[in-house]
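Here is the structure we will look at, set down as structure tokens.
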Amino acid sequence: MSFKLQILGSGAATPTLKRGVTAQYLNFNERKILIDCGEGTQLKLRKFNISFQRIQYIFISHLHGDHYLGLMGLLSSMHLLGREKPIHIYAPPELKEIFDTQFKLTYVTLKFEIIYHFLDFKEKKMVFEDNLIEVYAFPLKHRIPCYGFLFKEKLKERGMITENIKKFNIKIPEILRLKASKNVTRENREVLNYLEHTTPPSKPKSYAFCTDTKYIDNLHEIVKDVDILYHEATFVHELLSRAKATFHTTAFQAATLAKKANVRKLLLGHFSQRYSSTKDIEKEAKSVFNRTICVKDGDTFIL
Ligand SMILES: [Zn+2]
């Protein structure tokens, strides 16, 4: 079981030499996921040695340029480098229209299939599920439709206490039952209690990604107890009126959310280019929620 999150871009609005715009790479139990794809993302993938042909799923929060303008370039490079494997894109429906038009007008037929999954709903919804993980999308409050994402590991089976297998001569079908938290009754009426032969599963890992949005009062219900919450903190609280007018969040507000949600760690990003340092943002957030990190491009988080 593995979780590795790499920040590819941590700034807002326009890419600079210091900070790229929003993009993150997540390897969650070998599911290779790209979250947002601002301009320049493919160069960041190269810089941090991430094979973009291996990316299977792309989640786009919303269609402001700093969150998706790198995607056409990335898809184009995947095409030129011979990709044949389909790619899944989770995004607002307008993205397909933009890309279809662009491909049509430039006579490009991709060598691989794009499978679109439209984000177009008003409540939290499961958008992806397999045997190990599930992904939910939920609406945020921005100037245009925008979604946050919650990546969650499924509850694993209980672990078998191996020395008991020999001691009690436990057979494979019995092991499967015990690991699934079920007792086993044998023909001689002997009962194997799963609590005696197995250990509890480890807590499922979880990650929530929330950008761009104004402060949402009850968002803590959705991101409750996650291991890592990434949240935008475009401004410090002194610029609250600017944050409200542009549908963004202040560091103080993001930290308040993290505290209410009881998350393990808060990552802040999407900083306004007006800040040459994140010192004030970090200080403000930490006064509310101490386990806060202002991320930089290239930062990696492993669970
Ligand atoms: Zn935006």
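Summary of values
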quantity: Of PHE235, PHE168, PHE149, the one that fluctuates the most in a GNM where the chain has Cα springs shorter than 10 Å; calculated: PHE168
quantity: Estimated distance in nm for a label pair at ARG242 and SER181, the labels positioned 7 Å out from Cα along Cα-to-Cβ; calculated: 4.9 nm
quantity: Rounded to 5, percent antiparallel among DSSP beta bridges of segment 162-303; calculated: 15 percent
quantity: Three-way shape label, segment 231-272, alpha-carbon gyration tensor, a/c 1.5; calculated: prolate
quantity: Residue-wise HN-Hα coupling along segment 201-216, computed from phi with Karplus coefficients 6.51, -1.76, 1.60 (Hz; x: Gly, Pro); calculated: x, 5, 5, x, 7, 8, 9, 10, 10, 10, 7, 9, 6, 7, 4, 10
quantity: Exposure rule at most 14 other beta-carbon atoms within 10 Å, DSSP loop GluC sites (Glu not before Pro): the chain longest free segment; calculated: 191-303
quantity: Tensor-based shape of segment 159-199 (alpha-carbon gyration tensor, a/c under 1.5 rounded, otherwise prolate or oblate); calculated: oblate
quantity: For LEU81, solvent-accessible area (1.4 Å; no DNA, RNA or ligand), Å²; calculated: 110 Å²
quantity: Relative compactness, the chain, computed as alpha-carbon Rg over 2.2 N^0.38 Å; calculated: 1.15
quantity: Top of ILE58, ILE35, ILE175 by mean-square fluctuation, Gaussian network on the chain, Cα under 10 Å; calculated: ILE175
quantity: Residue pairs, from the table LYS124/LYS283; LYS125/LYS265; LYS214/LYS283; LYS244/LYS265; LYS125/LYS205, whose Cα atoms sit over 22 Å apart; calculated: LYS124/LYS283; LYS125/LYS265; LYS244/LYS265
quantity: ³J(HN,Hα) computed for each position of segment 185-198 - Karplus, 6.51 cos²θ - 1.76 cosθ + 1.60, integer Hz, glycine/proline x; calculated: 10, 8, 4, 7, 6, 5, 10, 9, 8, 4, 5, 7, 10, 9
quantity: Dipole of the chain, positive direction: furthest Cα of LEU71, LEU192, THR101, with charges on the beta-carbon; calculated: LEU192
quantity: Radius of gyration and maximum dimension Dmax of segment 112-181, Cα, Å; calculated: 20.3, 64
quantity: Protein-only accessible surface order, largest first, of LYS296, LYS283, LYS166 at 1.4 Å; calculated: LYS166, LYS283, LYS296
quantity: Per-residue [θ]222 nm for the chain (sum of -39500 (n - 2.57) over DSSP H runs n ≥ 4, rounded to 500); calculated: -6500 deg cm²/dmol
quantity: Solvent-accessible area of SER206 with every protein chain in place, 1.4 Å probe, in Å² to the nearest 10; calculated: 10 Å²
quantity: Solvent-accessible heavy-atom area per residue, rounded to whole Å², over the chain at 1.4 Å; calculated: 50 Å²
quantity: Cα gyration tensor shape for segment 133-291, rounded if a/c is under 1.5, else prolate or oblate; calculated: prolate
quantity: Cross-link table LYS85/LYS224; LYS203/LYS296; LYS4/LYS104; LYS182/LYS203; LYS32/LYS141; LYS18/LYS47, entries beyond 25 Å C-alpha to C-alpha; calculated: LYS85/LYS224; LYS203/LYS296; LYS4/LYS104; LYS32/LYS141
quantity: Probe 1.4 Å - accessible area at LYS47, Å² to nearest ten; calculated: 140 Å²
quantity: Sulfur and carbon atoms: percent of accessible area, segment 9-164 [1.4 Å]; calculated: 53 percent
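The values are calculated or read from the model by the stated rules, or taken from the named source; none is laboratory data. It should be emphasised that the depicted structure is a prediction, and the values quoted were computed from it without experimental measurement. As a convention, Cβ positions derive from the backbone with ideal geometry for all residues, glycine included, and neighbour counts pool all protein chains shown. SASA here: full protein model, heavy atoms, side chains in, ligands and nucleic acids out. Shrake-Rupley method; radii C 1.70, N 1.55, O 1.52, S 1.80 Å.
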